[in-house]
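The values are calculated or read from the model by the stated rules, or taken from the named source; none is laboratory data. Just so we're clear, the structure is a prediction, and the values are computed from it rather than from any experiment. Heads up, the Cβs are rebuilt from the backbone with ideal geometry, glycines too, and the neighbour counts pull from every protein chain shown. Ligands, DNA and RNA are stripped out before the accessible areas are found, and what is left, the full protein with its side chains, is counted by its heavy atoms. Shrake-Rupley method; radii C 1.70, N 1.55, O 1.52, S 1.80 Å.
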Amino acid sequence: MTSPSRDKKLEVYRDAAQVLAAALEDFPRDMWQFRDEHGCWSIHEHIVHIADSEANSYIRCRRLVAEPGLELMAYDENQWASALDYHSVDTEGALELFRVLRRRTYELIRNIPESVWSNTCYHPENGDMTLADWLDVYERHVAEHVDYMRQNHAEWLKAQA
């Protein structure tokens, strides 16, 4: 990955908390628990997932930087949502956790040496991953979930008609 390309990804990564906060303003709080007829995650569940995912991302990044060659933890996000009863988790706390973890990781990676970007760890679902691969995943993660939230909101609007 070229430096200008990485710089753009780092900006998107850095700004994800603001993007998420702005998107959430478009969704009435009274619909955050809504699931469509297919049982897709509610906005509430997406928020909690984003925080849990960021906690995993935080550890994965640090392992890639400090302990290359070791294994990264995989997890079943649907099992977590169910077993950890995401609907009972405070979204404000989840959003704050996401903001703090994302900021701390951005502070770590924004100036790391070029050689570290090629550090590799094994991910049980994805195989070998470099730190650059990790950035590719997490740079787009929030935007993907915002898209899902918009779909959920559209389904909620249809249900209200």
* Asked: Of all accessible surface on the chain at a 1.4 Å probe, what whole percent is carbon and sulfur?
  -> 49 percent
* Rounded to the nearest 10 degrees, what's the angle between the helix 91-109 long axis and the longest principal axis of the chain, both from Cα atoms, 0 to 90? => 20 degrees
* To do: Note the angle between two axes, namely the Cα long axis of helix 3-24 and the longest principal axis of the Cα atoms of the chain, as a number of degrees from 0 to 90, rounded to the nearest 10.
  => 20 degrees
* Asked: Hey, can you rank 41-51, 17-27 by average C-beta count inside 10 Å, highest first?
  -> 41-51, 17-27
* Structure fact -> Mean accessible area per residue over the chain (1.4 angstrom probe, all protein chains present, square angstrom) is 53 Å²
* Once all Cα-Cα distances of region 114-161 are split into 10 Å bins that start at 0, what whole-number percent is in each one? -> 23, 30, 21, 16, 8, 1
* To do: Largest first and to the nearest Å, give the Cα extent of the chain along each principal axis.
  => 55, 32, 24
* To do: Evaluate the charge dipole of region 1-94 about its Cα centre and quote only its size in Debye, nearest 20, assuming +1 on the Cβ of each Lys and Arg and -1 on the Cβ of each Asp and Glu.
  => 560 debye
